[in-house]
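Report on the structure given below.
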Amino acid sequence: MPVYVDGLRVHRSRSEPARSAGERFGHRWCHLWSNDLDALHAMAEGLGMHRDWFQDRPGFPHYDLPPFRREAALALGAVEYSLKAWLRERRGSAPTQRSRA
């Protein structure tokens, strides 16, 4: 199952740890996500990320990545993909998944 990264974007966080980290990277972040949580956590571990950085958001469990970790994720096999397209596809497939149940 693939692990995805989206494009970098500027985001200024309100939390102190993220704000402090963001200052080092020009407040540029992207997301690391997958439909397979085991694959997601394995990739994050390979990037040297801490499990407590995982953001278990309903509908979008992910890690936030600074630019250098994004490049490393791509080198480890992550697939560059649009988050908006992925979310649109998920919404589009939800009724089909429910109708099978």
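Within the range 67-91, residues that are at negative phi sit with their Cβ atoms under 8 Å from residues that are surrounded by 12 or more Cβ atoms within 10 Å (Cβ to Cβ) and of a type in the set (Gly, Ala, Ser), at 6+ positions apart or across chains, in these pairs: Leu76/Gly46; Glu80/Gly7; Ser82/Gly7. With respect to Val3, determine if the residue is in contact with a His (Cβ under 7 Å, 6 or more places away or on another chain) and either modelled with pLDDT of 95 or more or β-branched (Val, Ile, Thr) (or both). Against the criterion (in contact with a His (Cβ under 7 Å, 6 or more places away or on another chain) and either modelled with pLDDT of 95 or more or β-branched (Val, Ile, Thr) (or both)), Val3 does not qualify. Considered as a group, the residues in the range 83-101 that are closer than 17 Å to Leu8 by Cβ and touching a strand residue (DSSP E or B) at 6+ places or on another chain (Cβ under 9 Å) include one that is modelled with the lowest pLDDT, and that residue is Trp86.
The values are calculated or read from the model by the stated rules, or taken from the named source; none is laboratory data. Being a predicted model, the structure only gives us computed values, none of them experimental. For neighbour counting, all protein chains shown are included, and Cβ atoms are generated from backbone atoms with ideal geometry for every residue, glycine included.
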